[in-house]
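Here is the structure we will look at.
The values are calculated or read from the model by the stated rules, or taken from the named source; none is laboratory data. Computed from a predicted model, the values in this text were never measured in an experiment. All Cβ positions, glycine included, derive from the backbone under ideal geometry; neighbour counts span all protein chains shown. SASA here: full protein model, heavy atoms, side chains in, ligands and nucleic acids out. Shrake-Rupley method; radii C 1.70, N 1.55, O 1.52, S 1.80 Å.
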Amino acid sequence: RNISPMQVIVASEDALTEIVGYNVARGAMACGSVTNYSEDWLHNYIGKKEKQDSGIRILALDKIDDTANLGSIIRSSAAFGIHAIVLSDDCCDVFYRRCVRVSMGHALSLPSVRVLNLASTIRNLRDKYGIVSYSAVIDKDADMILEKTLKGGISKNWLCVLGNEGNGIST
């Protein structure tokens, strides 16, 4: 007997609202399982990307609180060719419905890895793969690396850190 991997259930908006506990916008919803990428997966993925010699682009997010902000960051990351997103343990959930909606579905296709210690993970990526980290900070004494970098001088393997909406980068 063939069993379809997906089921489509048709119901009234009232029934859908009763099932999920909130008003269903536009009359559609979905339920499914998501891949939980681990730090080991990230290392395997980077190892494969290294062999392709096409460059590695990672975005690291430190304590992003707002799911709409996270969704727009993910959407922009997909547009700019980011390969994976690394989330600090205290970031909001990429699979929260608002984040998925604002990301225009990219939260479901762009791998995201939640790590316990973002600073340690970034150091490990630098030490193991030579991935250079960049970040933007509001600090008049900060080293202005990009201003000193010649055109084409940015490493092909890089990671960019974005911090919390109110407090910036914590690590």
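Could you please let me know if residue 128 is modelled with pLDDT of 75 or more and of a type outside the set (Asp, Glu)? Answer is yes for this residue. Is it true that some residue in segment 16-38 is over 16 Å from the mean Cα position of the chain (by Cα) and closer than 28 Å to residue 117 by Cα? Yes, there is a match, as at least one residue in segment 16-38 is over 16 Å from the mean Cα position of the chain (by Cα) and closer than 28 Å to residue 117 by Cα. Those helices (runs of 4 or more DSSP H) of segment 43-148 in which 3 or more residues are under 26 Å from residue 33 (Cα atoms) and either without any contact (Cβ under 8 Å) to a residue 60 or more places away in the chain or among the aromatic types (Phe, Trp, Tyr) (or both) occupy 67-79, 97-102. The residue that is farthest from the chain's Cα centre (by Cα), among those in segment 39-52 that are modelled with pLDDT under 90 and open to solvent by less than 100 Å² (accessible area, probe 1.4 Å), is 50.
There is no residue in segment 141-158 that is open to solvent by less than 30 Å² (accessible area, probe 1.4 Å) and modelled with pLDDT of 95 or more. If only residues of segment 54-67 that are open to solvent by less than 20 Å² (accessible area, probe 1.4 Å) and touching a His at 6+ places or on another chain (Cβ under 8 Å) are counted, the one that is farthest from residue 129 (Cα to Cα) is 58. Just one of the numbered conditions (1) out of contact with any Gly (no Cβ under 9 Å at 6 or more places or on another chain); (2) modelled with pLDDT of 85 or more is not true of residue 25: (2). The number of residues in segment 68-93 that are open to solvent by 30 Å² or more (accessible area, probe 1.4 Å) and either among the aliphatic types (A, V, I, L, M) or under 20 Å from residue 117 (Cα atoms) (or both) comes to 6. Considering segment 94-133, the residues that are under 16 Å from the mean Cα position of the chain (by Cα) and aromatic (Phe, Trp, Tyr) include one that is least open to solvent (accessible area, probe 1.4 Å), namely 95.
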